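Asker: First the structure, then my questions, so here it is.
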Amino acid sequence: MDRIAVEGGSRLTGTVRVNGSKNAALPIMAAALLANGPSVIEGVPLLRDVKTLLDVLATLGVEHERDESGALRLRVVDESPVTAPYELVCQMRASICVLGPLLAKRGTARVSLPGGCAIGVRPIDLHRKGVEALGATTAVEHGYVVARCDHLRGANIFLGGAFGSTVLGTANTLMAACLADGVTTIESAACEPEVEDLARFINTMGGSIEGAGSPVVRVKGVRSLRGTRHRVIPDRIEAATFMIAAALTQGDVTIENVRPLHLGAVIDILRRAGAEITAYDNACRVVGPRTLRPVDVTTLPYPGVPTDVQAQLMALLCIASGISIVTEKIYPDRFMHVAELQRMGADLRKEGPSVIVNGVTELSGAQVMASDLRASASLILAGLVARGTTEVSRVYHLDRGYERIEERLRALGASIRRFDDGEVPPDKPQPVTAESNV
Ligand code: EPZ
């Protein structure tokens, strides 16, 4: 199993390019199940989660290939399978997003229940509510949610839950509704840019979706959808991670292939922490301050602060000059990174859904363990400013959502290196120099 060693103290400078969005690509890949004909999706990153969904789609009769430009070509060759197996779904919860398109196109969907994960319990009651409102029946049988419906009909659906809207629940409901009879109105829909991008994809297939990106989405059912070509939006969470890395290390980094509009809440927090941020059409320049100011952070559905940057922001606030309160409103238990940051000398106290972060002058490198995708990113970020070497284990979590992040950080001047268990960790991983690129 791979580990990553980070030597703290380097100031990040230069330019980095963000990849296509994992969380936009996954439901869009699932939506290819709806098409008569091949779909070509550009900008799909080379990630473990993408691989897992391709394996799920393969069990559902979908062939894939990458063309010379790296675009992903998906083609349905067999419409009879309806089961997304436990072995694959348990690796990636987001596989649940095949539920809606399977139901719409094949009349039955049998998807292993995703179950909980390190960030908390993750029920799918709203997904079921959405498709049931369209006329489907759903039941849990032998660990699988089974949805059936011969004839989906448009309906008015309120999809808000205890923690606000649901991203993949909205995606599943609108994918089921786009081939239903009549008009569906989804209220309290998730407004995330990834939902908007999914609707854009379906509309180029011949769908009729209005209002995506707002809390009220209107879907007019159509008889069929054709294959299409689409480029996924840039990954705003990856962009935020690099922006925080620049701010944290007193760096000067330009992040390319970014939609600053998608990052309003993050830019606001970083500016209040003292970073200088210049937003361009498709890029952002971040200049980190000598001293970070404390800022209170509360995660919320889009356009609020994304829960997927909470851990990374906490790493930044660990060395701010004062007290910050970080409150998690989406996954109240999403604090697995706290104990690992404390191992690095962070002064953190958990109080219910909040953590009180008392900034320290310095973190110290330590052996730490990643528990989930974004927690692993926060440990890497903390390692960038810690004294000495931080060794992060279980980095397979990181590979689920970041493509070769250590190489891109090293290109910005970080002292960071990946090594596998059999190797002796480099005592002082070196930043990139002319020779090392040979
Ligand atoms: C998406 O997950 C993202 N994943 C998550 O990113 C992200 O954390 C989350 O949205 C919130 O922004 C993908 O897009 C692949 P939700 P999703 O349904 O759709 C509760 C990452 O790091 N809820 O919006 O599964 C739920 O428990 C991942 O890239 C119900 O109660 O999240 C949570 O508290 C991690 N019932 C809240 O709603 C339901 O039926 C939001 O969850 C569904 C959700």
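Asker: What are the residues in segment 154-167 that are more than 7 Å from the ligand (Cβ to nearest atom) and either open to solvent by 30 Å² or more (accessible area, probe 1.4 Å) or part of a loop (DSSP other than H, G, I, E, B) (or both), if any? Please lay out each step first, then the result.
Answerer: Start the filter on segment 154-167 by keeping residues that are more than 7 Å from the ligand (Cβ to nearest atom), which leaves 154-160.
If the condition is that a residue be more than 7 Å from the ligand (Cβ to nearest atom) and either open to solvent by 30 Å² or more (accessible area, probe 1.4 Å) or part of a loop (DSSP other than H, G, I, E, B) (or both), then 154, 155, 156, 158, 159, 160 are the ones that fit.
Asker: Restricting to segment 10-28, name every residue that is in a loop (DSSP other than H, G, I, E, B) and open to solvent by 20 Å² or more (accessible area, probe 1.4 Å). Explain how you work it out, then say what you get.
Answerer: Step one: filter segment 10-28 for residues in a loop (DSSP other than H, G, I, E, B), giving 10-12, 18-19, 21.
10, 11, 19 - these are the residues of segment 10-28 that are in a loop (DSSP other than H, G, I, E, B) and open to solvent by 20 Å² or more (accessible area, probe 1.4 Å).
Asker: If you scan segment 195-239, which residues turn out to be assigned to a loop (DSSP other than H, G, I, E, B) and either within 13 Å of the ligand (Cβ to nearest atom) or among the acidic types (Asp, Glu) (or both)?
Answerer: Within segment 195-239, 232, 233, 235 meet the criteria.
Asker: Could you say which residue among 132, 194, 187 is charged (D, E, K, R) and under 27 Å from residue 74 (Cα atoms)?
Answerer: On the way: 132 fails: under 27 Å from residue 74 (Cα atoms); 187 fails: under 27 Å from residue 74 (Cα atoms).
The match here is 194.
Asker: Can you find a residue that is open to solvent by 20 Å² or more (accessible area, probe 1.4 Å) and over 25 Å from residue 20 (Cβ atoms) anywhere in segment 263-270? Before the answer, list the steps.
Answerer: Step one: of segment 263-270, the residues open to solvent by 20 Å² or more (accessible area, probe 1.4 Å) are 264-265, 268.
Filter once more, keeping what is over 25 Å from residue 20 (Cβ atoms): none.
No, there is no match, as no residue in segment 263-270 is open to solvent by 20 Å² or more (accessible area, probe 1.4 Å) and over 25 Å from residue 20 (Cβ atoms).
Asker: Do we find that residue 367 is open to solvent by 10 Å² or more (accessible area, probe 1.4 Å), closer than 25 Å to residue 48 by Cα and away from the ligand (no atom under 16 Å from the Cβ) in this structure? Explain how you work it out, then say what you get.
Answerer: Working: open to solvent by 10 Å² or more (accessible area, probe 1.4 Å): yes; closer than 25 Å to residue 48 by Cα: yes; away from the ligand (no atom under 16 Å from the Cβ): yes.
When the stated conditions are applied, residue 367 passes them.
Asker: Among the residues of segment 1-47, which ones are within 14 Å of the ligand (Cβ to nearest atom) and either modelled with pLDDT under 95 or more than 21 Å from the chain's Cα centre (by Cα) (or both)?
Answerer: None; the set is empty.
Asker: Can I ask one more? If you take the residues in segment 95-120 that are in a loop (DSSP other than H, G, I, E, B) and open to solvent by 40 Å² or more (accessible area, probe 1.4 Å), which one is nearest to the ligand (Cβ to nearest atom)?
Answerer: Selected residue: 116.
Yes/no matrix, rows are residues, columns are (1) touching a strand residue (DSSP E or B) at 6+ places or on another chain (Cβ under 7 Å); (2) on the phi > 0 side of the Ramachandran plot; (3) crowded, with 17+ Cβ neighbours inside 10 Å; (4) not basic (Lys, Arg):
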site	(1), (2), (3), (4)
187	yes, no, no, yes
194	no, no, yes, yes
197	no, no, yes, yes
202	yes, no, yes, yes
209	yes, no, yes, yes
216	yes, no, no, yes
220	yes, no, no, no
223	no, no, no, no
226	yes, no, no, no
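Asker: Just to verify a result, which residue in segment 400-415, among those that are surrounded by fewer than 24 Cβ atoms within 10 Å (Cβ to Cβ) and in contact with a strand residue (DSSP E or B) (Cβ under 8 Å, 6 or more places away or on another chain), is nearest to residue 344 (Cα to Cα)?
Answerer: Just the residues of segment 400-415 that are surrounded by fewer than 24 Cβ atoms within 10 Å (Cβ to Cβ), to begin with: 400, 403-404, 406-408, 410-411, 413, 415.
From what's left, in contact with a strand residue (DSSP E or B) (Cβ under 8 Å, 6 or more places away or on another chain): 406, 408, 410-411, 413, 415.
Working: 406: 20, 408: 23, 410: 21, 411: 25, 413: 22, 415: 17 Å.
Within segment 400-415, the match that is nearest to residue 344 (Cα to Cα) is 415.
Asker: Is segment 376-393 home to any residue that is more than 16 Å from the ligand (Cβ to nearest atom), open to solvent by 20 Å² or more (accessible area, probe 1.4 Å), at pLDDT 95 or above and of a type in the set (Val, Ile, Thr)?
Answerer: Yes, there is a match, as at least one residue in segment 376-393 is more than 16 Å from the ligand (Cβ to nearest atom), open to solvent by 20 Å² or more (accessible area, probe 1.4 Å), at pLDDT 95 or above and of a type in the set (Val, Ile, Thr).
Asker: Just to be sure I understand the filter: pairs with C-beta atoms under 6 Å, separated by 6 or more residues or on different chains, first member in segment 266-283 and over 14 Å from residue 252 (Cα atoms), second member open to solvent by 100 Å² or more (accessible area, probe 1.4 Å). Which pairs pass?
Answerer: Hits for this filter: 273/293.
Asker: Of all residues in segment 168-194, how many are within 9 Å of the ligand (Cβ to nearest atom) and more than 12 Å from residue 130 (Cβ to Cβ)?
Answerer: 2
Asker: Kindly list, by first and then second residue, each pair from a residue in segment 349-377 that is touching a residue at least 12 places away in the same chain (Cβ under 8 Å) and under 23 Å from residue 291 (Cα atoms) to a residue that is surrounded by fewer than 20 Cβ atoms within 10 Å (Cβ to Cβ) and among the hydroxyl-bearing types (Ser, Thr, Tyr), limited to pairs with Cβ atoms under 6 Å and residues at least 6 apart or on different chains.
Answerer: Short answer, once both residue conditions are applied: 359/321.
Asker: Looking only at segment 123-139, which residues are more than 13 Å from the ligand (Cβ to nearest atom) and either surrounded by fewer than 16 Cβ atoms within 10 Å (Cβ to Cβ) or among the polar types (S, T, N, Q) (or both)?
Answerer: 137, 139
Asker: Check whether at least one residue in segment 121-135 is part of a strand (DSSP E or B) and touching a residue at least 12 places away in the same chain (Cβ under 8 Å), and report yes or no. Please lay out each step first, then the result.
Answerer: Of segment 121-135, the ones part of a strand (DSSP E or B) are none.
Taking every residue of segment 121-135 in turn, none turns out to be part of a strand (DSSP E or B) and touching a residue at least 12 places away in the same chain (Cβ under 8 Å).
Asker: Separate question: Among the residues of segment 348-364, which ones are surrounded by fewer than 16 Cβ atoms within 10 Å (Cβ to Cβ) and part of a loop (DSSP other than H, G, I, E, B)?
Answerer: 352, 361, 362
Asker: In segment 240-257, what count of residues is obtained for those that are open to solvent by 10 Å² or more (accessible area, probe 1.4 Å) and part of a strand (DSSP E or B)?
Answerer: Result for segment 240-257: 3.
Asker: Looking at 429, 425, which is the one that is at pLDDT below 95 and open to solvent by less than 30 Å² (accessible area, probe 1.4 Å)? Working first, answer last.
Answerer: On the way: 425 fails: open to solvent by less than 30 Å² (accessible area, probe 1.4 Å).
429 is the lone residue from the list that is at pLDDT below 95 and open to solvent by less than 30 Å² (accessible area, probe 1.4 Å).
The values are calculated or read from the model by the stated rules, or taken from the named source; none is laboratory data. Owing to the predicted nature of the structure, the values given are computational and were not obtained by experimental measurement. Note: ideal-geometry Cβ built from the backbone for every residue, glycine included; neighbour counts use all protein chains shown. In case anyone asks, the SASA skips ligands and DNA or RNA and just uses the protein heavy atoms, side chains included. Shrake-Rupley method; radii C 1.70, N 1.55, O 1.52, S 1.80 Å.
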